[in-house]
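Engineer: One structure coming up, written as structure tokens, with questions to follow.
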Amino acid sequence: MAITLRRNPLSNNDCVMDPSAIETQQLRQIAQGDKHAFAQLLSAYLPSLLGFIKRYVKEPAQAEDIAQETFLRVWQRAGDWQPREHSPRSWIYRIAYNLCIDLIRKQKPTTDALDELIAPDSPESEVIEQNQHQHLRTAIQSLPERQRTALYLCAFQGLSNKEAASIMSLGVDALESLLARARRSLRNYFASLEGEHHESNLSFLR
Amino acid sequence: MSLTYLSSAERRAREILEAYGSSPSCWPAEERQTTLDCIALSPALQLYRAQLAELDQRIQAEQAATLLRIGDAEALQQRILAQLPAQSGTSASDKTRLGQRLLRWLVMPRFAFALTSVAVLAVIMMMPRSPSIDVPPQTTSQYAAWSWYDITGQDLPATSATSTLTMTDFIDLELDEDGG
């Protein structure tokens, strides 16, 4: 059974149906073996989920394997999804997160996999911009794993606090504490970076 | 900004800013408006929010760049769809699901308590009921029930009104039992 999104006739963009309700419906259809619903869910989630996985997994091929395994489990276990425990989004992210953590435990820690995606022969303006991204990634990479994951889920993937807490098996208070500490560390990192930059400029003028 | 002079609403607004950053779209939806109202009334919170905005801009820029680099993942999407296995048999999966649900139901404390209570009640109901030997019968009807059970091993039939039984009936019965 195909899923049709009812759209507001007054707007080309506003979807009348709640996205979570659509995903709930899609998961129920997937549980019945509906490949069309699966393809829609896959299309909606794959890019952002792949971005999330690539923050943990260095090898692009491995990241793709984890993404594939995540969706394979979605396909096979959609009937086991408990709406009371997880939203569709947090359930899918939880599968991916657990697979990433399993892999990380088997391997030794690596640098942020996204670092390797930077093209070496980019124009100067892009290099400056990439350096800024690089600083952020370095700072995030230095955070403890739980703080990093909380930040990835809430700030980068746009999940709600409840969804992120459910993925990490935490209470919302604990999640907020992790987020606050992560953000404080990042602000301190950039403040010290600017301090160093300021110092180097002063030494150049002397 | 000293926490000492903050009201509880201001304190919560500050916590939200610390955890979720300066962008209202990242704040918990149910607290968004309250937080905005609170910040609107507090110059200190406005200043704090402005200080946090720089980090959020960095995060947003990095997020956009990441998605751009990853692209639409079309090839992987096609690969996943092409290699999608047939879903496992529904009967087996249903059995597993049923087993999991039963287990979940059993481990839930309130149901476990209810189940234990029912089991205890069932055991009590199934135990042979006899008048307590610790407390001797005080009335004729209690004596009748006690004696009838003692002799016959059964409850006193409802049709047998104790008023129609005399002490002699029981003595006769006891004599029969003793082979007298």
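Engineer: Could I have the simple spin-label model distance between A:VAL172 and B:SER7, label points 7 Å from Cα toward Cβ, reported in nm to one decimal?
Structural biologist: 2.1
Engineer: Using θ = phi - 60° and the Karplus curve 6.51 cos²θ - 1.76 cosθ + 1.60, what whole-Hz ³J(HN,Hα) does each residue of the stretch A:72-78 get, with Gly and Pro shown as x?
Structural biologist: Karplus values, whole Hz, x for Gly and Pro: 5, 5, 4, 5, 7, 10, 4.
Engineer: Let me ask you something else. So for the pair A:GLN25, B:ALA50, with labels modelled 7 Å out along Cα→Cβ, what separation do we get in nm?
Structural biologist: Between A:GLN25 and B:ALA50, the label points sit 4.6 nm apart.
Engineer: So, in nm, how far is label B:LEU81 from label A:THR138 when the simple model puts each one 7 Å beyond its Cα toward the Cβ?
Structural biologist: 4.2
Engineer: Amide H to amide H under 5 Å from B:GLN87: which residues, 5+ apart in sequence or cross-chain, H placed 1.01 Å off N in plane?
Structural biologist: Distant-sequence amide H within range of B:GLN87: zero hits.
Engineer: Write out the trypsin sites (Lys or Arg not before Pro) in the stretch A:34-108 meeting two conditions: DSSP loop, and at most 11 other Cβ atoms within 10 Å of their Cβ. Walk me through the numbers on the way to the answer.
Structural biologist: Details: sites: A:LYS35, A:LYS54, A:ARG55, A:LYS58, A:ARG73, A:ARG77, A:ARG84, A:ARG89, A:ARG94, A:ARG105, A:LYS106; in loops: A:ARG55, A:LYS58, A:ARG84.
Filter output for the stretch A:34-108: A:ARG84.
FYI, it's all coordinate maths here, none of it is from the lab. Values in this document were obtained by computation on a predicted structure and should not be read as measured data. A quick note on method: Cβ atoms are made from the backbone with ideal geometry, for glycine too, and the neighbour counts reach across all protein chains shown.
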